[in-house]
Structures are given as C-alpha cells and as structure tokens.
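What follows is a single structure, written as structure tokens, with notes after it.
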Amino acid sequence: MPICIECRHPVKTLWTEYSGAAGGAGAASPKGQIIRLTVCRNCGNFCDKYVEHDFVVMFIDLVLIKPQVYRHLLHNTLMREHDQFDPSIIRLGVLLLLFDVYLTWARIEKQAVPASSNHVLNQLAQQPIILQYIFFLLHCSLSTLAFHFSIRLLTSSRFSPLSFLGLLPTYHRPNSVSTALLVSSSTKLFPILMVIWEYDVPAAARSLGWAVVANNVEALKILLDCSYGVAAFLTAVGALARWGVGRGVFSAVGIEGVDDGLGIRSLWASGGHLGELWAAG
C-alpha cells in the first residue's frame, strides 16, 4: 500500500485520474487526461508530490538526502509484489557496477607504486585490456555482493543478532533492502564528470564514498523504520564486508599495499561518526 511521503500515513491512491476537458488544479497526462494529486487526510499535504516531478528533480533530492524522495521511490514506486526487483533497479545495479569497475581501475593505475614491492600489479598492468577488465569486474562484483548480502542477512534473517536483541524486527523483503542500497548509491554516478574535468581520483573516490555511505544510512532508516544507530551499524558492517572481500581478492593474486578507496584508517575514522549517529538514534 502506498504511503504519504510527508507523514508516512497509508493511503489508498496517490492520485485521481480524470478524462475530458482540462479544468482546475492538476497535471495533464500525455493522453489529455487530468491527474489530481491526493491530499493526505492526516497531515494535509499532497501524499506524493514526486508523481509530477521528473527524474532530474528526484536525483537532485536524492543527493540532498531528502527523506520524501526515498519514501516515494522505496514505498510508492519501486516496491513490487512478492519482493521482485523492478527492471529499472536491475539496470541501475549493472550501471553502478560498471562505474565501480572504472573507478577501481583508475584508482589503482594512478597510484605510484614501486616496482620492487608490487611486481604483480605491474604484471597485471601489462596484460591485455580484456583480462584487466575481467579481473576488476570480478573484484567489484564480489565486493558488491558481500556488501549487499551482509546487510540482507542482518535485516532479513531470523537468526540475525539484531533480531535477537530486539533492535530490529525481521524484515521479510530482502530484495527491497538491496533496492534501497542501489537507489541510495546513485551518487556514484557523479564520476561521469571525469569525462569533462580531470581531478584527483583517490581523493575524489573517498569523498564520494562517504557521500554514498550517508545516503545508504538514510535509505535503510526510511525503509526499515529504524533508528540512525541501527542503520549506521548495518552500513558499517556492509562496508567492512565489502572492504574485506576486496582486500581478499587483491591478496589472492599477490597485490598488496594499494588503496582501493576504503582503507582501514578510513574505517577506524568512521567509528566516531557512527557513535554520534547511534546516540542520535
């Protein structure tokens, strides 16, 4: 059932569609019909103003971490029967994975590493482009799967410690959790600006990574209706799983001493921020 994006009150419909001559307040559809947005009886605002907004406006509000746009996407637009993935989310996931491959590849290539300490990395750089791409695709795919499945396990498994402690009820829609994580990771698409402006890739990747983390926390809080502390804990566990698997792939082929975008110092530095979010939650 859809909800009001302002007060989260359940509603039957988000709009009413009229046919015939235009008149009064409303938005005209391509077929000449009139759509009148439903007003929430609980708060008096439009139940979902984003029905009339295009993707550009929604993307800007996603970057600004507005909870209303997350409620619109997660509850009123992308949630499907039987917890199925919306086709647009599958396409977004593939696009984000390809961007991860490009960013990881660029970060590794831009790091000045002495040949004596990282001969494996130098050998990888001398391989055909297709082999390099397959390696980084495997690295990013495994890291992304670790991020999603660790959070899905903590939110949707009946054996989750959060459920045992009473901190988070079991959420029975794991694919919706992945949908929330993918939608909130849309900020990763900003590096497309590298086509126009060249900038410091490692520094930009770290800044972008923290922006994505903030969006992930907000998306999980809204979807699961939990505190900021629990959402931050879930995001931190996912980030640790992604970092561990990524490091494991590099170590398996003998690549050591590289910064893959989320170093251990960055993870330790996040402890203070997580503590503040936990107290606020």
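The values are calculated or read from the model by the stated rules, or taken from the named source; none is laboratory data. Model, not experiment: these values are computed from the prediction. We place every Cβ from the backbone using ideal geometry, glycine too, and count neighbours over all the protein chains shown.
Filter the range 124-162 for residues that are of a type in the set (S, T, N, Q) and in contact with a Gly (Cβ under 9 Å, 6 or more places away or on another chain); which is surrounded by the most Cβ atoms within 10 Å (Cβ to Cβ)? Spell out the reasoning first.
Just the residues of the range 124-162 that are of a type in the set (S, T, N, Q), to begin with: 126-127, 132, 141, 143-144, 150, 155-157, 160.
Keeping just the survivors that are in contact with a Gly (Cβ under 9 Å, 6 or more places away or on another chain) gives 143-144, 150.
Numbers: Ser143: 25, Thr144: 22, Ser150: 19.
If we take residues in the range 124-162 being of a type in the set (S, T, N, Q) and in contact with a Gly (Cβ under 9 Å, 6 or more places away or on another chain), then Ser143 is surrounded by the most Cβ atoms within 10 Å (Cβ to Cβ).
Only one of Phe46, Phe55, Phe59 is at pLDDT below 90 and over 16 Å from the mean Cα position of the chain (by Cα); which?
Selected residue: Phe55, the only one of Phe46, Phe55, Phe59 that is at pLDDT below 90 and over 16 Å from the mean Cα position of the chain (by Cα).
Across the range 84-113, which residue is modelled with the lowest pLDDT among those that are surrounded by 15 or more Cβ atoms within 10 Å (Cβ to Cβ), part of a helix (DSSP H, G or I) and among the charged types (D, E, K, R)?
The extreme case among them is Arg107.
Do we find that Gly32 is part of a loop (DSSP other than H, G, I, E, B), at pLDDT below 90 and touching a strand residue (DSSP E or B) at 6+ places or on another chain (Cβ under 9 Å) in this structure?
So Gly32 fails the test.
Conditions first: (1) at pLDDT below 85; (2) part of a helix (DSSP H, G or I). Gly24 passes all but one, so which condition is the exception?
For Gly24, the exception is condition (2).
Pairs please, first residue from the range 131-157 and closer than 18 Å to Ala232 by Cβ, second anywhere and small (Gly, Ala, Ser) and outside any helix (DSSP H, G or I), Cβ atoms under 8 Å, 6+ apart in sequence or on different chains.
Filtered contacts from the range 131-157: Leu153/Ser160; Leu154/Ser160.
Among the residues that make up the range 221-234, is at least one of them at pLDDT 90 or above, among the polar types (S, T, N, Q), in a helix (DSSP H, G or I) and closer than 23 Å to Ile5 by Cβ?
no
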